[in-house]
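Presented below is the structure to which this report refers.
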Amino acid sequence: MSEVTLLRIGILIAGLILIGAIVFFGRPRKPGQGKRVPRESGADARKAEGGRREPTLGELIEGENDAATAGESTRQAELELFDRTLEGGAANSELGRRATEEFDKIVTLYLAARAGAKLHGPDIVVAAEKAGLVYGHMGVFHRLVEGHPERGPVFSVANIMKPGSFDMAQIQALETPAIAFFLTLPAPVPALDAWETMLPTAQRMAELLDGVVLDEQRNALGRQRIAHLRDELRAYDRQREAPPLTRPTRW
């Protein structure tokens, strides 16, 4: 190939490159292309994007801080409940003492930890407070008649581990497989009313402690058993309301 031919080819390639550069750099730019556009404010950005936008890092951090603050507030409230029980509770307290030691029936429920788990003392204290129980006589928790604590407990809650009490001096180390709810009759309110107070309290505490409610045989408490207990206690109330039998008068 002669030198003249090579020269022509070089000139042709250079011309093509020059034409391509003119075409590329001579195109009109889109509005805003090639320069920085100020970031829109939150309200303007939402309008421009139809109300949807990605959260900024600052907003994510702020959201996490809000969640952490809420969690800390909840924890602080639980600690206050726990401290209040420690300060006000005493095993020799008369709060929750029965007016009489005589009874003729006991109804029992259990709140058990799930398999492989334990119920921990501080958690029990907080759950009991949240469920409206008070710490008192015999070192156990009681539900009292509102405004009339002197009438004694509607029902009580004890540890199933001996001696059955919750020793507040050792409560941080306490672990137990279950706690027992027991309704001793006669109670300061009708038996059925006492049951209708005890059952939801046990269910609420089971929710707080991630446990399960069991019947007196330590089987899962089902609807059939609940209905049967209600019938029993309704009959108990009717029996106590019935007038005593009197001997016929002789003429």
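The values are calculated or read from the model by the stated rules, or taken from the named source; none is laboratory data. Quick caveat, the model's predicted, so the values are computed rather than measured. Neighbour counts are summed over all protein chains in view; Cβ atoms, including those assigned to glycine, are modelled from backbone coordinates with ideal geometry.
Of everything in the stretch 173-184, what is under 17 Å from F141 (Cα atoms), hydrophobic (A, V, I, L, M, F, W, C) and outside any loop (DSSP other than H, G, I, E, B)? Give them in sequence order.
Those that are under 17 Å from F141 (Cα atoms), hydrophobic (A, V, I, L, M, F, W, C) and outside any loop (DSSP other than H, G, I, E, B): A178, I179, A180, F181, F182, L183.
Look through the stretch 165-175, keep the residues that are of a type in the set (G, A, S) and more than 27 Å from T100 (Cβ to Cβ), and return whichever of them is nearest to the chain's Cα centre (by Cα).
So the residue we want is A173.
Kindly provide the set of residues from the stretch 196-223 that are part of a loop (DSSP other than H, G, I, E, B) and of a type in the set (A, V, I, L, M), ordered by number.
L221
Within the stretch 216-251, count every residue that is of a type in the set (D, E) and at pLDDT 95 or above.
Looking only at that region, the number is 3.
Can we say I171 is touching a Pro at 6+ places or on another chain (Cβ under 8 Å) and more than 30 Å from D231 (Cβ to Cβ)?
Yes; evaluated as a whole, the condition is true for this residue.
What are the residues in the stretch 136-153 that are small (G, A, S), over 18 Å from D193 (Cβ atoms) and assigned to a loop (DSSP other than H, G, I, E, B), if any?
G136
Among the numbered criteria (1) of a type in the set (G, A, S); (2) in contact (Cβ under 8 Å) with a residue 40 or more places away in the chain; (3) within 27 Å of R240 (Cα to Cα), which one does G147 miss?
(2)
Taking only the stretch 140-190 into account, find how many residues are in contact with a Lys or Arg (Cβ under 7 Å, 6 or more places away or on another chain) and among the aliphatic types (A, V, I, L, M).
Of the residues in the stretch 140-190, 3 are in contact with a Lys or Arg (Cβ under 7 Å, 6 or more places away or on another chain) and among the aliphatic types (A, V, I, L, M).
Restricted to the stretch 154-172, and to residues that are assigned to a strand (DSSP E or B) and of a type in the set (S, T, N, Q), which residue is surrounded by the most Cβ atoms within 10 Å (Cβ to Cβ)?
Here the answer is S156.
Of everything in the stretch 92-121 that's more than 30 Å from D231 (Cα to Cα) and modelled with pLDDT of 95 or more, which residue is surrounded by the most Cβ atoms within 10 Å (Cβ to Cβ)?
Within the stretch 92-121, the match that is surrounded by the most Cβ atoms within 10 Å (Cβ to Cβ) is L119.
Scan A194, A187, A178 and give me the residue that is more than 25 Å from A99 (Cβ to Cβ) and either surrounded by fewer than 18 Cβ atoms within 10 Å (Cβ to Cβ) or in contact with a helix residue (DSSP H, G or I) (Cβ under 9 Å, 6 or more places away or on another chain) (or both).
Residue meeting the stated conditions: A178.
The rows are residues; the columns are (1) of a type in the set (S, T, N, Q); (2) more than 18 Å from G132 (Cβ to Cβ).
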residue	(1), (2)
E146	no, no
P153	no, no
S165	yes, yes
L185	no, yes
V189	no, no
G211	no, no
Q217	yes, yes
Q224	yes, yes
H228	no, yes
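Restricting to the stretch 114-138, name every residue that is without any contact (Cβ under 8 Å) to a residue 60 or more places away in the chain and in contact with a Gly (Cβ under 8 Å, 6 or more places away or on another chain).
Scanning the stretch 114-138 gives V134, Y135, G136, H137, M138.
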